[in-house]
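What follows is a set of notes on a single structure, which appears directly below.
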There are 2 protein chains.
Amino acid sequence: MNSSKGGDAVSKAHAIGPVPDGPAAVSAGWVAASSMRIDADRMLQRIDALAAINRQADGSCCRLALTDADRQARDLMVGWMRAAGLEVHVDRIGNIFGVTPGGEGQAPVMTGSHIDTVATGGRYDGVLGVVAGLEALQTILEQGVAPARPLALAVFTNEEGVRFQPDMMGSLVYAGALDLAAALAARAEDGAVLGEELQRIGYAGHEAGAPRPHAYVELHIEQGPILDRAGEVLGAVVDLQGISWQEVTFRGASNHAGTTPMALRRDAGACASEIATFVRDLALRMGGSQVATVGRIHFFPNLINVIPREAKLTIDLRNTDERLLQAAEAEVAEQLQAIAAREGVTVEARSLVRTPPVRFDETVVQVVEAVCAELGHPPRRMTSGAGHDAQMIAPIAPTAMIFVPSVNGVSHNPREATDPQHLELGANALLHTLLRLAS
Amino acid sequence: MNSSKGGDAVSKAHAIGPVPDGPAAVSAGWVAASSMRIDADRMLQRIDALAAINRQADGSCCRLALTDADRQARDLMVGWMRAAGLEVHVDRIGNIFGVTPGGEGQAPVMTGSHIDTVATGGRYDGVLGVVAGLEALQTILEQGVAPARPLALAVFTNEEGVRFQPDMMGSLVYAGALDLAAALAARAEDGAVLGEELQRIGYAGHEAGAPRPHAYVELHIEQGPILDRAGEVLGAVVDLQGISWQEVTFRGASNHAGTTPMALRRDAGACASEIATFVRDLALRMGGSQVATVGRIHFFPNLINVIPREAKLTIDLRNTDERLLQAAEAEVAEQLQAIAAREGVTVEARSLVRTPPVRFDETVVQVVEAVCAELGHPPRRMTSGAGHDAQMIAPIAPTAMIFVPSVNGVSHNPREATDPQHLELGANALLHTLLRLAS
């Protein structure tokens, strides 16, 4: 990286919000920091240590939110944060914040992610962002660099939403988009109440939370195949798909598969299959960023020779364009009615999740792009297909994300993998993005 | 019924096989018997008594083959058969035969059915044929009528095939189409071995079985909606659909529903939905007796936001015409390959059941038609969509069936229902059909 480029990128970073000390922030410390690198061995060891907690027979990670395994991971993180010299705060939803000392009263530049996993999770989902964020802050402190703004690392509670709903709960509450009391009252299928579980594992904090960040950037594995397929190693995430999840239930009549003429059937299963084929064709026809998935299906009674009386299926629609997503939803709704009417069955569609698309802050994206280019790997501008804590922060602060590849696009799976060199590269991209945003 | 008509029908009955005493069988006894009727109250009480065994909370009958509940039902039947004056024999597969005394050495005219049920069975499936058959034989004995041939009632082992496969096992072994040793070695999912279960419940007989019947006729509820919809009360079953059951497994790749572009998917679930829609459209396009059902489906891992890596479904195809059934199977096989190739997944199709269509004996069908007409209810000539013991007997003796309506076509369900007047009518049709065939 040459200094003129560095200066240029710093100016851009300043555009994201009022910065009291203006362009003069191109300090001697910043220039000296341009060759700074995180400690890759330490970072990989920390990833290993987190992956070892409650490791399953198939190698998968199982740290459902607010279980004992989650507590062990939190305890490790807090220990590392304190040892690195960060001040640790826990808010009332259990989010952990590690903040660089000094700079009181100033909005921090924040990074973060989560350490809870799905039941058969991989090693990197969430963990990379947290451990790389810690690595970035620790490196900055160790090098004695003092950016103009404090830096903060957030470990958000219950991003996955497996045990308690909704997902991305900690970042939602932090950003003021979900009521704290409602979140604390969330009840798991195992009967546990979230607030009580926070108390039990010792992470029911008393602080209102960190202040609103000056900017937020999150490093994450892609969890999809695009970078890996393209042979690219860094992504600058510009937007995030809107998500529409619904559960559809058709109710018809069970009858004998041999004795019931086709014309006299009210086959709930046939309706489910037909709409599943329709939504797939719809996504192919719409093209662009539209995707559609039927991941879950149940027939009742689910016997080979009985016409299903009831069929339930889920429909997952995603698009980066809210109008197109709404158009897709409308087409599905119309087709559901048409199929049900033709078959003489009833249909009920229940919305499970609905989030609008999120557009990240162009200025932060450009900082990410500049930093990655200077590290020798101009990033791919891309969309996130998965949900992330960053989308919850985006409404309250300029936000973007950095992606590194997922081998074969695999995630939520013990085969989740990323080349260690790409992990290191992502962490260094995060380090320098944070430095510029904070300078 | 007038006597000339009666004489005509008896002549037809004689055509089904060599009858030593020829048309002279229009005996005084037969003419006197023309107004004979079964005891409907006694029959309904017996149906009630069988339904009371192991009755479930939802009112359904659960008498899986060779369980204690099956033994209790068998014990009741044997007691009633002996009390009625029948000689009881149990063969080595546990089929129970009750035979009218005398007439040794002559092939009996046989009726029968089964008393095992599915896990959530109704009151009439199988039971009606057995209890009405007993009623017919008991009435004949009580009235002192002595047909030229002996009459036999068969209670066939394990018609439903729920606990032990294959279904219709007792009639298969009796007809020589299934090896006895193989049947005795059948193992249930609960670990039980059929031969040991027969011993345990006291129905491992030592007899080779009843002789090959002179003719066979079985009364059964339709288990479909055709008679009920048409407002007709008796059916003369002329044929039985061929059945093709297969289990299809698509194997693709699990990926994130948000991050995986449509073009990079190998979605096993989408393939399953597409073939399910295809088989339904195929049956509608073929028309005639062709029916097609996808009753069972499973996705793996069956999560809302994960593209299914594997999908299993069953395909049930039936047709009364073997060539058309084969054509349907061929179209499905071709489509399976096309879908799998397009999606880049593998597909495996495993045949579970394959029985050719059965055409019943036209002479026996005509006896049924004549008898029903004389009872004031000319029957509908119809196809059986379900499998029955009668189809296993058809290759070794002239065979047909009598159907009575199922309200709304419901069967294998506690809501299985038939108007008591129709039960009685069916039993009287069976009585007089047996009388004519035996005269």
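Tabulated values for the structure
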quantity: Matching residues in the stretch A:333-357 - criterion: being within 12 Å of another protein chain (Cβ to nearest Cβ), under 21 Å from A:ARG280 (Cβ atoms) and modelled with pLDDT under 95; calculated: A:LEU352, A:VAL353
quantity: Residue in the stretch B:251-274 that is farthest from the chain's Cα centre (by Cα), counting only those that are hydroxyl-bearing (Ser, Thr, Tyr) and at pLDDT below 90; calculated: B:THR259
quantity: A:GLN290 more than 30 Å from B:GLU247 (Cβ to Cβ) and either more than 10 Å from chain B (Cβ to nearest Cβ) or over 18 Å from the mean Cα position of the chain (by Cα) (or both); calculated: yes
quantity: Test for B:VAL31: is it modelled with pLDDT under 50, touching a helix residue (DSSP H, G or I) at 6+ places or on another chain (Cβ under 9 Å), under 21 Å from B:ALA429 (Cα atoms) and surrounded by fewer than 21 Cβ atoms within 10 Å (Cβ to Cβ); calculated: yes
quantity: Count of residues meeting criterion [more than 8 Å from chain A (Cβ to nearest Cβ) and over 17 Å from A:PRO308 (Cα atoms)] in the stretch B:254-277; calculated: 5
quantity: Every residue from the stretch B:248-295 that is among the basic types (Lys, Arg) and part of a strand (DSSP E or B); calculated: B:ARG251
quantity: Where a residue in the stretch A:305-325 is on the phi > 0 side of the Ramachandran plot and its partner, wherever it lies, is assigned to a strand (DSSP E or B), with Cβ under 6 Å and at least six apart; calculated: none
quantity: Residue in the stretch A:73-87 that is part of a loop (DSSP other than H, G, I, E, B), touching a strand residue (DSSP E or B) at 6+ places or on another chain (Cβ under 7 Å), over 20 Å from A:GLU197 (Cα atoms) and aliphatic (A, V, I, L, M) present; calculated: yes
quantity: Criterion: in contact with a Cys (Cβ under 6 Å, 6 or more places away or on another chain) and at pLDDT 95 or above - qualifying residue of B:ALA429, B:ALA397; calculated: B:ALA429
quantity: Failed item in (1) more than 10 Å from every other protein chain (Cβ to nearest Cβ); (2) assigned to a strand (DSSP E or B); (3) within 30 Å of B:LEU430 (Cα to Cα), with B:ILE243 passing the rest; calculated: (1)
quantity: Which listed residue, of A:LEU66, A:LEU86, is closer than 20 Å to A:THR433 by Cα, in contact with a Gly (Cβ under 8 Å, 6 or more places away or on another chain), touching a residue at least 24 places away in the same chain (Cβ under 8 Å) and not aromatic (Phe, Trp, Tyr); calculated: A:LEU86
quantity: The listed residue being surrounded by fewer than 24 Cβ atoms within 10 Å (Cβ to Cβ), within 7 Å of chain B (Cβ to nearest Cβ) and in contact with a Leu (Cβ under 8 Å, 6 or more places away or on another chain), out of A:ARG280, A:ARG318, A:ARG296; calculated: A:ARG296
quantity: Test: B:ILE304 is assigned to a loop (DSSP other than H, G, I, E, B) and of a type in the set (Val, Ile, Thr); calculated: yes
quantity: Every residue from the stretch B:167-192 that is under 20 Å from the mean Cα position of the chain (by Cα), touching a residue at least 40 places away in the same chain (Cβ under 8 Å), in a loop (DSSP other than H, G, I, E, B) and surrounded by 16 or more Cβ atoms within 10 Å (Cβ to Cβ); calculated: B:ASP167, B:MET168, B:ALA175
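The values are calculated or read from the model by the stated rules, or taken from the named source; none is laboratory data. Predicted model, so just to flag it, every value in this text is computed and none were measured. Glycine gets a Cβ as well: all are built from the backbone with ideal geometry, and neighbour counts include every protein chain shown.
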